[in-house]
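Written below as C-alpha cells is the structure these notes are about.
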Amino acid sequence: MANPAKLRRSRDRRMIAGVCGGLGEFFGLSANWFRLAFLLALIPGGIPGLGAYLLFWIVVPRR
C-alpha cells in the first residue's frame with residue numbers, strides 16, 4: 001500500500017516558516033506558486049493573506 005502524502009511544513013524549502021515549501025511538496029508544485037498566491041492575497045488589505053499564512057503556520061505541523 002502506498003504511503004499517503006502528509007501536509008507538513010518544510011525544513012528544506014523554507015523562507016519564513018516553511019508553509020509554502022510544505023504546500024509545494026504536498027501538491028507537487030513549486031513553492032514559488034504558493035508564495036505568489038499568499039503575496040497576491042496580501043494586496044486587498046493584508047488580512048486575507050497574512051491571516052491564512054498564520055493559520056497554516058499554527059495548524060500545519062513541522063516535519
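Here are some notes:
- Residue list for region 1-19, restricted to those being modelled with pLDDT of 85 or more, of a type in the set (Gly, Ala, Ser) and in contact with a Phe, Trp or Tyr (Cβ under 9 Å, 6 or more places away or on another chain): 17, 18
- Count of region 8-34 residues which are charged (D, E, K, R) and touching a strand residue (DSSP E or B) at 6+ places or on another chain (Cβ under 6 Å): 1
- Residues of region 14-63 that are part of a loop (DSSP other than H, G, I, E, B) and crowded, with 17+ Cβ neighbours inside 10 Å: 17, 18, 60.
The values are calculated or read from the model by the stated rules, or taken from the named source; none is laboratory data. Source: prediction; values computed, not measured. Counting neighbours? That spans all protein chains shown, and the Cβs are built from the backbone with ideal geometry, glycine included.
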